[in-house]
1. Of the residues that sit in the stretch 150-178 and are buried (at least 21 other Cβ atoms within 10 Å of the Cβ) and of a type in the set (Gly, Ala, Ser), which one is nearest to Phe132 (Cα to Cα)?
2. Would you check which residues across the stretch 448-466 are of a type in the set (A, V, I, L, M, F, W, C) and part of a strand (DSSP E or B) and list them?
3. Taking Ser312, is it crowded, with 21+ Cβ neighbours inside 10 Å and at pLDDT below 95?
4. Taking the stretch 51-78 only, how many residues are surrounded by fewer than 17 Cβ atoms within 10 Å (Cβ to Cβ) and either free of Cβ contacts under 8 Å to residues at least 40 places away in the same chain or outside the structural domain of Gly18 (by TED's automatic domain parsing) (or both)?
5. Of these, Ala159, Ala179, which one is touching a residue at least 40 places away in the same chain (Cβ under 8 Å) and either small (Gly, Ala, Ser) or assigned to a loop (DSSP other than H, G, I, E, B) (or both)?
6. Search the stretch 368-422 for residues being among the β-branched types (Val, Ile, Thr) and more than 21 Å from Gly451 (Cβ to Cβ), and hand back the single one that is surrounded by the fewest Cβ atoms within 10 Å (Cβ to Cβ).
7. Sort out which residues of the stretch 106-151 are touching a Ser or Thr at 6+ places or on another chain (Cβ under 9 Å), acidic (Asp, Glu) and more than 17 Å from Pro181 (Cα to Cα), and write them in order of number.
8. Among (1) within 22 Å of Gly97 (Cα to Cα); (2) crowded, with 21+ Cβ neighbours inside 10 Å; (3) modelled with pLDDT under 95, which single condition is Asn357 missing?
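The values are calculated or read from the model by the stated rules, or taken from the named source; none is laboratory data. Just so we're clear, the structure is a prediction, and the values are computed from it rather than from any experiment. Backbone-built Cβ (ideal geometry, glycine too); neighbour counts: all protein chains shown.
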Amino acid sequence: MEKNQIETSQSGITCIRGAFFDFLDDPWKYIEREHESARYIRDGLLVVEGGIIKDFGSFDKLSPKYPDQPVTHIKNRIILPGFIDGHIHFPQVRVLGAYGKQLLDWLQMWIFPEEIKYANRDYASEAAKRFFDDLLAGGTTTCQAFTTSSPVSTEVFFAEAERRGMRTIAGLTGIDRFAPPDYVITPDDFYSESKRLIETYHRKGRHLYAITPRFAVGCTDAMMEACAKLKKEFPDCWINTHISENPTEVRQAKQEFPDCTDYTAVHEKHGLLGPKFTAGHGVWLSNDEFRRFAKAGAGVCFCPLSNLFLGSGLFRIGRALDPDHRVRLSLGCDMGGGNAFSLIRVLEEAYKVGMCNNTMLDGSVNEREHDAAEAERNKLNPYRAFYLATLGGAQALYLDDVLGNFNVGKEADFVALDWNAGQLALDWHQSLVTTESAPATIDQAAMLLFGIMACGDDRNVDETWINGKRAYKKG
């Protein structure tokens with residue numbers, strides 16, 4: 001029995017039929033044969049029970065095992081695991097698109113005055129509804145988010161995430177300088193409130209907690225020590241921060257921590273750099289810092305929308321992905337420094353950053369040493385790009401045991417993409433690749449995905465599913 005509407009059988013099983021595309025490995029390991037890292041099932045069946053993937057494979061082979069189960073058929077779409085955003089700011093919804101200047105001035109002019117308002121529960125709650133609506137409309141099913149220095153904002157964030165059933169990582173922001181008096185929080189208050197919030201939310205349902213020193217310029221040694229104390233007491237928690245986003249910020253961090261040789265050393269000094277540590281941006285990390293990140297098992301979140309919007313610089317993708325010192329790399333929209341919620345838009349800009357990096361590596365036009373291997377790693381073909389948005393993001397955030405692909409036992413969060421929406425709405429792009437209702441081969445599917453990332457946005461997201469239930473449908 002096949003239905004256009006979603007149906008769940010009395011046994012609690014939901015069956016979804018469609019064209020599925022996901023990843024089993026890192027495509028950077030398969031130079032010029034990246035398709036070997038991916039899996040495409042043109043006519044597949046995803047079986048979900050209790051929000052968890054129970055079975056997955058071709059429709060012809062699996063459907064006889066579930067003869068009495070209703071089937072929801074998602075036609076003319078490519079279904080991928082839900083997008084994972086490693087760096088976004090919940091309390092910046094209302095300042096999206098504010099005139100940028102550069103990072104430090106922009107924070108003082110727009111961001112801190114707005115984030116102060118999130119101590120008001122009603123104000124924060126209304127924003128949370130819009131925030132999660134926009135995430136789902138962009139195909140994002142999991143995010144690691146910043147809240148504010150007010151505990152109210154973290155409470156509201158987790159409450160709305162729970163209402164949606166979404167897996168999220170977040171935590172109270174630690175900042176005790178470089179912000180208005182009404183925004184800073186003392187290290188003692190940060191410690192006590194963070195401890196309370198961790199005990200309330202961490203690993204309750206799909207909540208995960210991140211100890212969150214906002215950035216070194218905004219944190220005294222005492223604040224960093226409070227973060228270190230929390231990490232020792234709650235070693236299972238994540239750590240979320242910023243690093244080396246802007247040259248002025250890097251210089252100021254050095255002034256504030258003169259005993260540290262570089263920005264990364266601030267986190268090493270306080271015992272924070274390690275597994276489950278993510279720093280947004282990393283534009284100006286040195287080669288040695290990348291190596292230390294890799295050795296520690298720490299991650300960097302690449303945020304091209306905001307790096308370009310605020311003029312921060314070009315992240316060195318190929319350097320971060322050096323196979324000898326591979327850094328865990330996720331993608332983030334960094335809304336509101338980033339000017340969109342959509343990870344499809346992020347992929348477009350990430351592709352362009354990689355192309356510009358290769359121009360800079362061309363020794364014929366400047367003095368940078370040409371590195372052919374790094375230049376190759378800078379190229380974001382569709383396999384590499386959508387890997388970073390799905391399984392790669394999960395691995396970077398230490399979530400790949402529960403998210404990232406359609407393996408049995410993982411949580412059933414996924415997105416259905418329409419390759420004929422938005423700028424691609426006249427079927428022209430599809431006709432260049434395939435005349436079928438679904439791509440016939442994995443390379444055809446990849447080429448359609450590249451068209452989506454090059455020309456698309458949230459209009460290409462037709463449906464977003466959370467825990468095996470449809471949470472968003474484009475109107």
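1. So the residue we want is Ala161.
2. Across the stretch 448-466, the qualifying residues are Val461, Trp465, Ile466.
3. yes
4. 6
5. So the residue among Ala159, Ala179 that is touching a residue at least 40 places away in the same chain (Cβ under 8 Å) and either small (Gly, Ala, Ser) or assigned to a loop (DSSP other than H, G, I, E, B) (or both) is Ala179.
6. Val408
7. Correct list: Asp134 only.
8. It fails just one condition, (1).
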